[in-house]
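Derivation of every value follows stated rules applied to the coordinates shown; laboratory data play no part. No experiment lies behind these values; they were computed from the predicted model shown. In this analysis, Cβ positions are derived from the backbone assuming ideal geometry, glycine residues included, and neighbour counts consider all displayed protein chains.
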Amino acid sequence: MYEENELIGDVKSGRGKINCYYMCKCQSALEDENGKHPIDGEFNFILAIDDDLEIGCYKRTIMQELGRLEDEELIRSIAKVVCQNKLSTDAAITYIRQFRTKQRPDSDNVKLAQSIGKAIDEYKSKHSYVDDEMIQASLNLLLSGLPENISGNMENIDNL
């Protein structure tokens, strides 16, 4: 449907098409009673198009994240918070994803554990001195840093 109506444009990848779908879903949820997105509307921080179809604002990445939410009312209420607080794209995505946690598959923790195990195995293959005690200490260091910025704690792990 999207390809026939040229809504996707030059998007060829599967991921790009999925993102386009979510963006369209968000646009639909944020329409006013006239089916428009006015420049002076309540969502004009992320989506505003005037009557001549001139785009005043179009924050595609935020709309793609909003479109991933299950419910149109949830999309609208979260979009209001994003617009009222004029959140940056990074802050908006972080905020929106808090409401997607219930939508995550139960197997995400298994996938994460497998990824961590793979990273440990790759590290061990390049560094022969790594033993189980060092791995445990590194994991404890990582866990102790979780409330803070994890990427900032990666330097500490490399120094072990």
Full extension from Arg60 to Asn109: what is 0.36 nm times the residue separation minus their Cα-Cα distance, to one decimal in nm?
-> 14.7 nm
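How much length would be gained if the chain were fully extended between Glu70 and Asp132, taking 0.36 nm per residue of separation minus their Cα-Cα distance, in nm to one decimal? Please report the intermediate quantities before stating the final value.
Values: separation 62, 0.36 × 62 = 22.32 nm, distance 4.27 nm.
Stretched fully, the Glu70-Asp132 segment lengthens by 18.1 nm.
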Mind giving me the FRET efficiency for Glu42 and Ile93? R0 is 22 Å, r the Cβ-Cβ distance, nearest 0.05 is fine.
-> 0.65
Order by protection proxy (mean Cβ within 10 Å, highest first), peptides 79-92, 18-31 = 18-31, 79-92
Excluding same-chain residues fewer than 8 positions from Lys59, which lysines have a Cα within less than 28 Å of its Cα?
-> Lys12, Lys17, Lys25, Lys36, Lys80, Lys86, Lys102
